[in-house]
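The values are calculated or read from the model by the stated rules, or taken from the named source; none is laboratory data. Not measured: the values here are computed from a predicted model. Reconstructed Cβ throughout: ideal geometry from the backbone, glycine too, with neighbour counts over all protein chains shown. Ligands, DNA and RNA are excluded from the accessible area calculation, which covers all protein heavy atoms including side chains. Shrake-Rupley method; radii C 1.70, N 1.55, O 1.52, S 1.80 Å.
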Amino acid sequence: MPERRTVALVTLGCARNEVDSEELAGRLEADGWELVEDAEDADVAVVNTCGFVDAAKKDSVDALLEANDLKGHGRTQAVVAVGCMAERYGKDLAEALPEADGVLGFDDYADISDRLQTILSGGVHAAHTPRDRRKLLPISPAERQGSAAAVALPGHGTAAEVVEAAPADLPEGLAPASGPRAPMRRRLDGAPVASVKLASGCDRRCTFCAIPSFRGSFISRRPSDVLNETRWLAEQGVKEIMLVSENNTSYGKDLGDIRLLESLLPELAEVDGLERVRVSYLQPAEMRPGLIDVLTSTPKVMPYFDLSFQHSAPGVLRAMRRFGDTDRFLELLDTIRGKAPQAGVRSNFIVGFPGESEDDLAELERFLNGARLDAIGVFGYSDEEGTEAATYDNKLDEDVVAERLARVSRLAEELVSQRAEERVGETVQVLVESMDDEGVYGRGEHQAPETDGQVLLTSGEGLSVGRMVEAKVVGTEGVDLVAEPLAGSLACSEEAGR
């Protein structure tokens, strides 16, 4: 009998990383590894790191050190770093953090089982030398699909010859690799919502962002792979999928049709068992009338707009190498709400960007006051290694950035609370996600997982996790809503589930 090998995956960062972890889990389980939830119960703890901003990188290092502390006190024998920070820094991270027994880049994912076995056996797998992954694919999007088979794309699966070598008798609950680049995926939780990767990489060159350098150029997954994975998730009991990538509005441009998302969404909405389809990561400058129409009028497709505004003052946006201004952004929101008055809108903003004036900040505040956003993330600017903005001369003092961050954060908190209060009296469709002694919690159509608040239901009678219930909003707690299930909605939900 083969020796029992156990592995735990610790995931930090965004929903894209969560998909990558489930692909790694699928590969490992298909090769005989036993997945365990807690690192202390695993022979190998694999930490899927985030390399976006300093705070996320610190969290990743802390997770690696915490896992390392388990060695000698339990089953854990090795700690391995994967993910964006591992890809971005490679051997530099390995030298700076000797507590990690291995630092694996994206190119190691296809051979993750062998890599972990080597490390577990006391061997060494040399950390890679980081490189600009934008240079791995052709500049022209139209030429990328044919070249992609030779490039590691986390969450996209592997090249055909690797997929064909997968065992035929896969463990129960493991998604088969059904297409030339379809991922072999294992769910790591039983939540009724799951992310599906629509694409990876980014062709934009925002001056504050390093992601394209280590995630690479934009490349879409084929619609058939997205559909097949969604069908499999629905069979696993998933009720809502969230489409994720660095930029969903670019989907299809390398497949010959920039409007491919508009045709894919209705197909996804027809998948048996699925109740909701949600799209994240939309670029305001790339929003199209046809896409707005599909997002606001297609049954089961949520009227939800995760729009990456970042700022609204024209001068700051140009310095960021972005487009738009306050009035254009407000017009976009008016268009959306003209088609779907209850649409949910969230965004993130950077304050204290190099050269930002008091007038620029006032312009951002003007936009926020007029935008009626449901959720707002505010970040203070800090230099990010390898970005163009890090070379700018007109930096603001740290105390000025901190003051502006506090000021805009206070405004944001007040505004999202006001927006929540506007929803009192509305009827919302709530997906129940958790139930405990303190209450029953779920999310409305305007709320994405983890980022946009939640709905506290006043009664849990007849409910279970994964159920949809119609409820009336009767109160608020900051950004969160309090809602009362409507009479008859439970019976309708139960009937729909049969």
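Numbers for the structure displayed
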{"read-out": "Label-point gap, in nm, between D359 and V53 - each point 7 angstrom along Cα→Cβ", "value": "2.7 nm"}
{"read-out": "L486-D436 FRET efficiency (beta carbon distance; Förster radius 22 Å; 0.05 resolution)", "value": "0.45"}
{"read-out": "Magnitude of the charge dipole, the stretch 1-157, Cβ model with Lys/Arg +1 and Asp/Glu -1, debye to 20", "value": "680 debye"}
{"read-out": "Using a Förster distance of 35 Å, the FRET efficiency for N369-E37 (Cβ separation, nearest 0.05)", "value": "0.20"}
{"read-out": "Label-to-label distance, nm, for residues given as D334 and A126 (7 Å Cα→Cβ offset)", "value": "6.1 nm"}
{"read-out": "Two-site FRET efficiency, Q236 against R407, from Cβ-Cβ distance with R₀ of 60 Å, rounded to 0.05", "value": "0.85"}
{"read-out": "Cα-projected label distance for V400 with A110, points at 7 Å along beta-carbon direction, nm", "value": "5.0 nm"}
{"read-out": "Ranked packing of 342-350, 255-263, most packed first, by mean Cβ within 10 Å", "value": "342-350, 255-263"}
{"read-out": "Radius 10 Å from Cβ of A390, net charge of other residues (Lys, Arg +1; Asp, Glu -1)", "value": "-3"}
{"read-out": "Loop GluC sites (Glu not before Pro), the stretch 1-55 (other Cβ atoms within 10 Å of the site Cβ: 15 or fewer; DSSP)", "value": "E3, E37"}
{"read-out": "Positive minus negative residues near V7 (Lys, Arg vs Asp, Glu; Cβ under 12 Å)", "value": "-1"}
{"read-out": "Packing-based ranking, highest mean first, of 57-65, 141-149 given that Cβ atoms within 10 Å are counted", "value": "57-65, 141-149"}
{"read-out": "Solvent-accessible heavy-atom area per residue, rounded to whole Å², over the chain at 1.4 Å", "value": "42 Å²"}
{"read-out": "Order by protection proxy (mean Cβ within 10 Å, highest first), peptides 365-371, 331-337, 71-77", "value": "365-371, 331-337, 71-77"}
{"read-out": "Potential lengthening between D92 and Q342 on full extension [0.36 nm per residue; Cα-Cα distance subtracted]", "value": "85.2 nm"}
{"read-out": "With every protein chain in place, the stretch 346-498: carbon and sulfur % of accessible area (1.4 Å)", "value": "46 percent"}
